Amino acid sequence: MIIHGFTFVRNAVKYDFPVVESITSILPIVDEFIVNVGNSDDNTLQLIESIGSPKIKIFHSVWDDSVREGGRVLAIETDKTFAKISPDADWAFYIQADEVVHENDLATIQNEAQKHLPNKEVEGLLFKYRHFYGTYDYVGDSRRWYNREIRLIRNDKSIRSYRDAQGFRKNNRKLKVKLIDAYINHYGWVKHPQKQQYKRDNFGILWNNDQHAVEQEEKQALFDYIKDADVLAPFKGTHPAVMQKRISEKNWEATFDLSRKNLSVKDRFLYKIEKVTGHRLFDYRNYRII
């Protein structure tokens, strides 16, 4: 069985993406890793090169910044990168620049990929998610945070990235997938408030064709994590080993009132049902579990 990894990244230093940790976290289980380095204003290329793994293959891409609506440019860059996966690979592991896999899950991922390899009906593997928020001590605990997504797909080039690159489809239909007991740890909402605000101010244009509307959004020096939070829970597990240096260098603090539930009446009702039953009603699913 051959697994290749792939990702895309642009301005990783400027926006403080944990892309080195992201790539490094799955290198042990991939035979090759394709990195699409977009046209950047910082030392992103040097950062990727510093990993120093012979498994990593870098190619350069220029983003079409005119493709703004709905984050579509992210899907375009994902498809460019997936196209570089060698035909001899059985599976392609897609990981975004702010996602990290725990070393304790690597064996499970390998075993599940091997188990389902002969069954061509299985087009992808579905992962559980932890969305860290504010600091490394809290996770999002509301419907705002998607709880599952596809991250391992067949090396089938008719599979394409969907919308803003959150998931995949084949010939515009949902992929048939198996849910596995492995997590993607998402750190996109954990960085210094200044870096988070800077990312917010500059990334908005990728989802909005209206430049004026983006410019009119509230600008501030520091992102207000407390104001933006809806429902959080304490994180009681362990972080991936590759994240330990980054965590030790954290230079900001944020403390949250975990009893606070900043939800609409509808979302509060659905939240309570989910906590009692363990099922998320009316959830958007860009996949079909088989």
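Since every read-out is calculated from the coordinates, none of them should be taken as a lab result. Computed from a predicted structure; not experimentally measured. Cβ coordinates were reconstructed from backbone atoms using ideal geometry, including for glycine residues, and neighbour counts include every protein chain displayed.
Miscellaneous remarks
- Between the C-alpha center of segment 5-75 and that of segment 93-153 there is a gap of 18 Å.
- Sorting PHE8, PHE256, PHE33 by the number of Cβ atoms found within 10 Å of their own Cβ, with the fewest placed first, yields PHE256, PHE33, PHE8.
- Ellipticity estimate at 222 nm from DSSP helix runs (n ≥ 4, -39,500 (n - 2.57)) divided over the chain, nearest 500: -7000 deg cm²/dmol
- Considered as an equivalent ellipsoid built on the Cα gyration tensor, segment 1-121 has semi-axes of 25, 17, 13 Å, the largest given first.
- Here LYS227 is the anchor, and the aspartates and glutamates within straight C-alpha reach of less than 19 Å, apart from those fewer than 8 places off in the same chain, are ASP137, ASP141, ASP201, GLU217, GLU218, GLU253, ASP257, ASP267.
- 14 Å tail of the calculated P(r), segment 136-202, as % of Cα pairs: 70 percent
- Charge dipole (the chain, unit charges on Cβ, about Cα centre) - positive-most of ASN43, THR81, LEU125: LEU125
- Rounded to the nearest Hz, the phi-derived 3J(HN,Hα) couplings of segment 114-121 under the Karplus curve 6.51 cos²θ - 1.76 cosθ + 1.60 (θ = phi - 60°) are 5, 4, 9, 4, x, 8, 5, 5, where x marks glycine and proline.
- In order through segment 124-131: 3J(HN,Hα) via Karplus (6.51 cos²θ - 1.76 cosθ + 1.60), integer Hz, x for Gly, Pro: x, 10, 9, 9, 7, 10, 10, 10
- Of LYS57/LYS191; LYS191/LYS236; LYS176/LYS199; LYS57/LYS236; LYS178/LYS275; LYS157/LYS245, those spanning more than 26 Å from alpha-carbon to alpha-carbon: LYS57/LYS191; LYS176/LYS199; LYS57/LYS236; LYS157/LYS245
- When the convex hull of its Cα atoms is projected in every direction, mean area for the chain (nm²): 15.5 nm²
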